[in-house]
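The values are calculated or read from the model by the stated rules, or taken from the named source; none is laboratory data. Remember, predicted model here, so these are calculated numbers, not experimental data. Every residue, glycine among them, receives a Cβ derived from its backbone with ideal geometry; neighbour counts consider all protein chains shown. What goes into the accessible areas is simple: the full protein's heavy atoms, side chains included, and nothing from ligands, DNA or RNA. Shrake-Rupley method; radii C 1.70, N 1.55, O 1.52, S 1.80 Å.
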Amino acid sequence: MNEKSIIFFDIDGTLLTHEKQLPQSAKEAVFQLKKNGHEVAIATGRAPFMYEDLRKELEIDSYVSYNGQYVVFKGEVIYKNPLNILALERLAETALLNDHPIVYMDHEDMKANVVEHAFIQESIQTLKIGRFPTHDPLYYKDRDLFQSLLFCQEGEEKQYEEIFEDFDFVRWHPLSVDVLPKGGSKARGIAKMTEKLGIAKSNQYAFGDGENDMEMLTAIYNSVAMGNAEDHIKAAAKYVTKSVDEDGIVHGLQMVGLL
């Protein structure tokens, strides 16, 4: 029996193809890892409610959501890092002056501060999650929010970066950026889980492809960038596998000796 390892998988562009399909080879690989005695977890920018079906299909109950702000191990919440609500309120007020709406997100739901907006529809539909945020401009009050979405065109987030030092702004779509607590990242969320488990750094693995995977791919000892990642993201990883559409998960796991 090999020494126990933990493997973290990003979702979009890593486990799921760009058509949001899970390759059969990736599914089989996840179950083989578990059969071999390893821990398998998800590390994503998505909210927990955005990938319930995937967790059920893969029988995974450990995950790092919201780019590290909400961490669950075997169904138990072990770490929460909510947004500064006063700063978020100011951001929302400022953004609305520029016709830049905000979506507030906690672990259960997402609500928009405008009734409707083309940017929200266009970007959220690319996630293919079958739901859109409904209108509740006061959803930020009296609850922990772990991420917000700011809707603006590329480059327009710069004006907010200069003013709102409590937040990191990470673009995920040409019309939308994630608003995260300053310094929060998948790498930090992963560290909370690996510390709890006591798994050595040499037995930690992570697969990713996007801008929000950079810290994870840099921090995790055995990091694997997907073949569909951009060159600077590949450069941050220890290994580069094939693309998600070319059985990249299986190929990467074989490359690092886990399968």
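Just a few scattered comments:
- In region 161-171, the residue that is farthest from I7 (Cα to Cα) out of those that are surrounded by 19 or more Cβ atoms within 10 Å (Cβ to Cβ) and in contact with a strand residue (DSSP E or B) (Cβ under 6 Å, 6 or more places away or on another chain) is F167.
- From the options S148, S185, S243, S202, residue that is farther than 20 Å from P82 by Cβ, surrounded by 15 or more Cβ atoms within 10 Å (Cβ to Cβ) and of a type in the set (G, A, S): S243
- Helices (runs of 4 or more DSSP H) wholly inside region 128-224 containing at least 1 residues that are of a type in the set (F, W, Y), modelled with pLDDT of 95 or more and more than 14 Å from the chain's Cα centre (by Cα): 158-163
- Flag for T218 being of a type in the set (V, I, T) and over 23 Å from S25 (Cα atoms): yes
- Pair list, Cβ under 6 Å, 6 or more apart: region 154-169 residue among the acidic types (D, E), other residue open to solvent by less than 40 Å² (accessible area, probe 1.4 Å): E157/F169; E157/V177; E161/F169; D166/A87; D168/L180
- Residues satisfying the stated conditions in region 44-78, i.e. in a strand (DSSP E or B), of a type in the set (S, T, Y) and farther than 16 Å from S148 by Cβ: Y63
- Count of region 93-113 residues which are closer than 23 Å to P48 by Cα and of a type outside the set (K, R): 12
- Qualifying positions in region 127-145 - open to solvent by 70 Å² or more (accessible area, probe 1.4 Å) and among the hydrophobic types (A, V, I, L, M, F, W, C): F132, L138
- Residue among L54, L91 that is in contact with a helix residue (DSSP H, G or I) (Cβ under 7 Å, 6 or more places away or on another chain) and buried (at least 18 other Cβ atoms within 10 Å of the Cβ): L91
- When T218 is tested against (1) over 15 Å from I6 (Cβ atoms); (2) open to solvent by less than 50 Å² (accessible area, probe 1.4 Å); (3) of a type in the set (S, T, Y), exactly one condition is not met: (2).
- Test: I78 is under 30 Å from Y205 (Cβ atoms) and open to solvent by 40 Å² or more (accessible area, probe 1.4 Å): yes
- Options A87, A29, A92, A41; residue that is part of a strand (DSSP E or B) and among the small types (G, A, S): A41
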